[in-house]
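Worksheet: one structure, shown below.
The values are calculated or read from the model by the stated rules, or taken from the named source; none is laboratory data. What you see is a predicted model, and the numbers here were worked out from it, not measured in a lab. Because the Cβ atoms are built from the backbone with ideal geometry, glycine has one as well, and the counts that use them run over all protein chains shown. Surface accessibility is based on the protein's heavy atoms, side chains included, excluding ligands, DNA and RNA. Shrake-Rupley method; radii C 1.70, N 1.55, O 1.52, S 1.80 Å.
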Amino acid sequence: MSSNLRTYIARRLILLVPTLIGMTVLVFAITQLFDPIERAALYITEPRQARFVKEIIAKYGLDRPVYIQYFNWITQVIQGNLGWSQSLHMKVLDALVTRFPATAELAIYSTPLIILFGIYLGKLSAIKRNTVIDHASRVVAIIGWSLPSFWLGIVLLAIFYGGMGVFPPGRLSEWAEALVRSGEFKLYTGLYTIDALINLNFSVFLDAIYHLVLPVITLTTINVALIMRVMRSSMLEQLNKMYITAARARGLDEKTVIDRHATRNALIPVITLSGLLAAGMLSGVVITETVFEFKGVGYFAAHAATQLDIPAVLGFALFAGILFILANLIVDILYAYIDPRIRLG
Amino acid sequence: MSNKPLSLEEQLKVNDLTVRFYTYEGIVKAVEKASLKIRKGETLGIVGETGSGKSVTALTILALTPSPGRVEDGNILFRKRDSSVIDILRMNEHQLLQIRGKEISMIFQEPNAALDPVCKVGEQITEAILAHRLREMVEKSIEVIKKEKDNEYDLWTRLETWTYKEMLNNPSDVRLKIIQKIPIIRDITKRRLRQVIRQEIVELLKLMEIPDPGRVIDAYPHELSGGMQQRIVIAIALACSPLLLIADEPTTNLDVTVQAQILDLINRLKEKFGSSIIYITHDMGVVAEISDRVAVMYAGSVVEVAPVKELFRNPLHPYTKGLLESIPRPGSPLKSIPGTVPNLVDPPSGCRFHPRCAYMMNKCKEIMPRLVKVSEDHYVACLLYEGESDD
């Protein structure tokens with residue numbers, strides 16, 4: 001049985017290679033929309049290289065056939081050279097690396113909340129189908145889903161920060177920011193909450209959490225309906241199946257029937273969605289990051305896009321693509337773990 | 001016939017059961033005043049076309065009427081192991097858990113659909129055993145420990161024995177609950193119990209004539225053939241030796257050879273366990289082979305009940321006659337009953353069979369016939385025979 005699972009995972013890993021190649025081809029195809037001078041920016045890694053645009057075009061063959069260009073470009077990408085971002089005045093890779101922790105910190109706290117609340121509410125709704133509880137949770141979830149995130153974010157900020165002076169925007173308070181930038185506080189991951197715990201500095205940890213409250217609430221409120229609706233319909237579908245009646249017929253109590261049988265089967269479609277949600281969160285949430293001054297990847301990408309900073313946008317596209325491919329890989333493995341039928345396929 | 005008490009040799013009696021489904025298209029009158037009885041140790045075949053209310057009746061006996069169905073009238077009297085008589089339709093959920101799987105259990109039409117696809121078959125059988133035979137299993141575990149360890153009592157053995165004894169005598173003990181929450185300790189203390197249950201399942205699977213039970217226990221349903229899956233479903237149903245087994249077309253979706261094996265198995269298990277069986281099918285051949293008595297259902301009502309030989313020799317109801325004539329025979333042309341099964345949202349008035357009946361009389365449109373006794377153990381619900389009996 002477990003050897004089945006192992007070959008399945010191995011097969012998925014091998015499939016990763018063509019998927020990644022396909023994704024880079026797509027991203028590369030976008031670059032072909034621009035003329036060689038614009039594309040030359042992809043290869044510039046230092047501001048002073050800008051004077052040698054013509055030489056760069058010649059060197060990297062930006063006027064040569066497409067497949068040679070792709071090969072040249074992918075060689076650079078593999079070496080970690082994603083080009084120079086004019087809008088941020090730094091290497092694109094560096095920009096992604098420095099901006100990612102803020103996004104990751106948001107994602108790490110909001111994604112599990114969205115998934116857990118979504119699953120819980122969806123399950124509750126399905127079990128209490130057509131009761132007040134069902135209608136109420138569905139209405140609340142849909143209202144959340146329909147709220148524009150910039151509006152909800154601003155309203156929350158206005159009420160809590162503006163009105164009561166709590167939960168300020170940004171990632172840290174000034175004193176904590178200063179401490180973090182000083183040499184005493186070691187940055188391991190760039191995620192302040194986790195680094196603070198590693199440094200055993202609980203006041204910085206609490207400060208980071210304090211700043212996370214509003215953006216996490218915003219993201220959770222808006223996205224919970226996504227999971228909830230799929231969970232609800234999936235659960236209803238499972239509850240109508242014969243094996244549920246069979247489980248009841250052998251004298252199992254309702255809790256066992258629902259938790260051990262219906263929920264486990266109902267979770268299968270939710271896993272796919274959760275993987276995509278997590279990848280989406282990790283690749284940046286533009287509006288929430290902007291409203292709460294959480295300068296993460298999304299904020300960076302949006303900023304770059306408005307300034308027509310092509311290398312930055314492409315770098316971001318590559319980054320998001322890789323994230324989604326990895327998320328799909330994890331989803332596939334989880335699938336096989338939860339649904340034994342898949343291992344044979 | 002309503003509310004007749006259960007005589008001593010009777011296991012179950014369904015009186016005037018009426019089940020309706022409240023759907024958008026209207027009220028489906030799925031079961032209308034259906035009455036049945038099953039004696040101890042006998043096999044009652046229920047035959048009828050699709051939509052005759054066989055399966056709904058069967059599920060209602062377990063108080064598992066599929067939604068949006070509702071029981072409108074009638075009662076289902078059942079004699080429990082301790083000889084007390086209960087009305088299943090008036091039990092609360094907690095009482096029903098003690099009936100389902102323990103006193104009455106069920107096997108299903110599609111074994112593939114009746115097993116949870118993501119749960120190993122061993123786990124699914126374990127559930128049935130844990131639900132009703134936990135005490136017995138715990139006692140066995142204590143026996144095993146005693147035999148194995150004799151007098152040497154190390155700490156673990158003492159903890160194990162204590163846990164099992166607490167489970168028997170004082171299951172709500174806080175200390176026991178704490179122990180069962182700590183992962184490693186829980187696993188160690190439960191290991192013996194798990195082995196005992198596994199042994200029990202292996203024995204059960206051997207009874208089901210499953211080759212290599214040790215492998216099958218750890219298989220997922222999709223890894224087994226249809227016949228094997230049905231044997232597992234039967235094993236789950238018989239795990240707690242129920243008094244009544246309801247088999248809802250258990251062989252319909254199987255190959256003919258497998259079908260014969262399963263029928264044979266059910267017949268032999270019946271002798272071993274002494275359970276009464278309600279065997280639902282639309283196949284007259286299967287009915288002839290397995291039942292002692294047969295009930296014929298049409299459009300939600302029982303139209304004829306008779307011992308199997310009597311029914312085949314002397315069918316009285318026009319529908320039963322039609323059914324028997326429509327069994328294909330080599331050499332003779334295939335006969336069928338004219339017309340189709342009525343739409344149960346708006347069933348025919350009076351006798352529901354009258355639009356298709358060759359012997360239709362005017363009063364058939366108005367009067368719904370009741371089951372009357374025409375000879376010893378032979379009942380029929382047809383106006384042709386009304387007045388022939390004093391019952």
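Does a label point 7 Å from the Cα of B:T252, set along Cα-to-beta-carbon, have any residues of the range B:202-238 with amide nitrogen under 20 Å, and which are they?
In the range B:202-238, the label zone of B:T252 (backbone N under 20 Å from the point 7 Å along Cα→Cβ) covers B:226-235, B:237.
Could you give each residue of the range A:205-221 its phi-based ³J(HN,Hα) in whole Hz, using Karplus coefficients 6.51, -1.76, 1.60 with θ = phi - 60°, and x for Gly or Pro?
Ordered by residue, 3J(HN,Hα) equals 4, 5, 5, 5, 4, 4, 7, 7, 3, 5, x, 5, 4, 4, 4, 5, 4 Hz.
I need two numbers for the range B:1-134: Rg to one decimal and Dmax as a whole number, Cα atoms only, in Å.
Rg then Dmax for the range B:1-134, in Å: 15.9, 46.
Checking the table B:K40/B:K272; B:K37/B:K365; A:K255/B:K13 against a 20 Å threshold on Cα-Cα, which pairs fail?
Details: B:K40/B:K272 14 Å; B:K37/B:K365 28 Å; A:K255/B:K13 30 Å.
Violating the 20 Å Cα-Cα cut-off are B:K37/B:K365; A:K255/B:K13.
Using alpha-carbon positions, what is the distance between the centroids of the range A:37-104 and the range B:317-391, in Å?
First find each Cα centre; the distance between them is then 86 Å.
Please state the shape class of the range A:266-336: rounded when a/c is under 1.5, otherwise prolate if a/b exceeds b/c and oblate if not, all from the C-alpha gyration tensor. It would help to have the intermediate numbers written out before the result.
Numbers: a/c = 4.10, a/b = 1.93, b/c = 2.12.
Cα axes put the range A:266-336 in the oblate bin.
In whole Hz and in residue order, list the ³J(HN,Hα) couplings for the range B:207-224 that follow from phi through the Karplus curve 6.51 cos²θ - 1.76 cosθ + 1.60, θ = phi - 60°; x for Gly and Pro.
4, 7, 6, 8, x, 6, x, x, 7, 4, 3, 8, 8, 8, x, 5, 7, 10
Work out the FRET efficiency for A:I330 and A:M164 from their Cβ-Cβ distance, taking R0 = 35 Å, and round it to the nearest 0.05.
Details: r = 40 Å, r/R0 = 1.14.
That pair, A:I330 with A:M164, gives E of 0.30.
Round to the nearest 0.05 the FRET efficiency obtained for B:Y24 and B:M368 when R0 = 22 Å and r is the Cβ-Cβ distance.
Here the calculated transfer efficiency is 0.25.
Which whole-number percent gives the relative contact order of the range A:94-308, counting Cα pairs below 8 Å spaced six or more residues apart?
36 percent
In debye, nearest 20: dipole of the protein assembly as shown around its Cα centre with unit charges on the Cβ of K, R (+) and D, E (-)? Mind showing how you got there, number by number?
Working: 81 positive and 75 negative charges, 82 e Å.
Charge dipole of the protein assembly as shown: 400 debye, to the nearest 20.
Against the longest principal axis of chain A, how steep is helix A:92-127, in degrees 0 to 90 to the nearest 10, with axes from Cα atoms?
Once rounded, the angle reads 10 degrees.
What does the convex hull of the Cα atoms come to per residue for the range B:238-288, in Å³?
79 Å³
If you fit an axis through the alpha-carbon atoms of helix A:132-146 and take the longest principal axis of the Cα set of chain A, what angle between them do you get, 0 to 90°, nearest 10?
10 degrees
Mind listing, in residue-number order, the residues in the range B:98-125 that have at least 50 Å² less accessible area with every protein chain present than in their own chain alone (1.4 Å probe)?
Buried by the other chains: B:F108, B:D116, B:P117, B:V118.
Between B:V345 and B:D154, what length in nm is gained on full extension when 0.36 nm per residue of separation is reduced by their alpha carbon distance?
Values: separation 191, 0.36 × 191 = 68.76 nm, distance 6.93 nm.
That works out to 61.8 nm of additional length.
Rounded, prolate or oblate: which one fits chain B, using the alpha carbon gyration tensor with axes a ≥ b ≥ c (rounded when a/c is under 1.5, else prolate when a/b beats b/c, else oblate)? Don't skip to the end; give the middle numbers.
On the way: a/c = 2.49, a/b = 2.03, b/c = 1.23.
Prolate is the answer for chain B, as a/c is 1.5 or above and a/b outweighs b/c.
Just to check I understand the Karplus step: with θ = phi - 60° and J = 6.51 cos²θ - 1.76 cosθ + 1.60, what whole-Hz values come out for the range B:77-91, glycine and proline as x?
Rounded to whole hertz, the list is 8, 9, 9, 7, 4, 7, 6, 6, 9, 10, 9, 4, 6, 10, 8.
Which percent of the Cα-Cα distances in the range B:81-150 go past 15 Å?
Values: 1674 of 2415 pairs.
The answer is 69 percent, as a whole percent.
Using helices alone, what [θ] at 222 nm do you get for chain A, with -39,500 (n - 2.57) per DSSP H run of 4 or more residues, divided over all residues and rounded to the nearest 500?
Working: 15 runs with 241 residues, N = 345.
Here the helix-only value at 222 nm equals -23000 deg cm²/dmol.
Run the simple label-point estimate for B:R191 and A:V139 please: 7 Å along Cα→C-beta, distance reported in nm.
Simple spin-label model gives 5.6 nm for this pair.
I want to verify the translational diffusion coefficient of the protein assembly as shown in µm²/s; compute it with Stokes-Einstein, Rh as the Kirkwood radius over Cα pairs, at 25 °C and 0.890 mPa s.
Numbers: Rh = 31.4 Å.
Here the translational diffusion coefficient equals 78 µm²/s.
Taking 0.36 nm per residue of sequence separation and subtracting the Cα-Cα distance, how much length would be gained by fully extending the chain between B:E9 and B:E123, in nm to one decimal? The partial results should precede the final answer.
Values: separation 114, 0.36 × 114 = 41.04 nm, distance 3.60 nm.
The B:E9-B:E123 span can extend by a further 37.4 nm.
What are the residues whose amide H is under 5 Å from the amide H of B:Y279, where those residues sit 5 or more places off or on another chain and H is modelled from the backbone?
Answer set, sorted by chain and number: B:L44, B:G45, B:I46, B:A247.
What's the whole-number percent of alpha carbon pairs in chain A lying beyond 36 angstrom? Numbers along the way, then the final one.
Details: 21224 of 59340 pairs.
More than 36 Å apart: 36 percent of the Cα pairs in chain A.
Can you give the FRET efficiency for B:Q261 and B:D218, using 1/(1 + (r/R0)^6), R0 = 25 Å, r = Cβ-Cβ distance, to the nearest 0.05? Mind showing how you got there, number by number?
On the way: r = 23 Å, r/R0 = 0.93.
Using R0 = 25 Å, I get an efficiency of 0.60.
Got a sec? Which residues in the range A:107-129 would a label at A:I342 touch, if it sits 7 Å along Cα→Cβ and we count backbone N under 19 Å?
Correct set: A:112, A:115-116, A:119.
Using a ≥ b ≥ c from the Cα gyration tensor of the range A:94-234 (square roots of the eigenvalues), is it rounded, prolate or oblate, where a/c under 1.5 gives rounded and otherwise the larger of a/b and b/c decides, a/b for prolate? Write down the numbers at each step before the final one.
Numbers: a/c = 2.71, a/b = 2.00, b/c = 1.36.
Prolate.
Within 10 Å, at most 14 other Cβ atoms, and a DSSP state outside H, G, I, E, B define an exposed site. Report the longest part of chain B free of exposed chymotrypsin sites (Phe, Trp or Tyr not before Pro).
Working: sites that count: B:Y24, B:Y153, B:Y359.
By the stated rule (loop sites, at most 14 other Cβ atoms within 10 Å), B:154-358.
Looking only at Cα atoms, what is the convex hull volume of the range B:121-217 per residue, in Å³?
Values: hull volume 10.8 nm³, N = 97.
Convex hull of Cα atoms, per residue: 112 Å³.
So what's the gap between the Cα centers of the range B:241-297 and the range B:1-52, to the nearest angstrom?
The range B:241-297 and the range B:1-52 have Cα centres separated by 18 Å.
Whole percent per 5 Å bin, from 0 to the bin with the longest distance: what is P(r) over all C-alpha pairs of the range A:4-107?
Result returned by the calculation: 2, 11, 17, 19, 17, 13, 9, 6, 3, 2, 0, 0.
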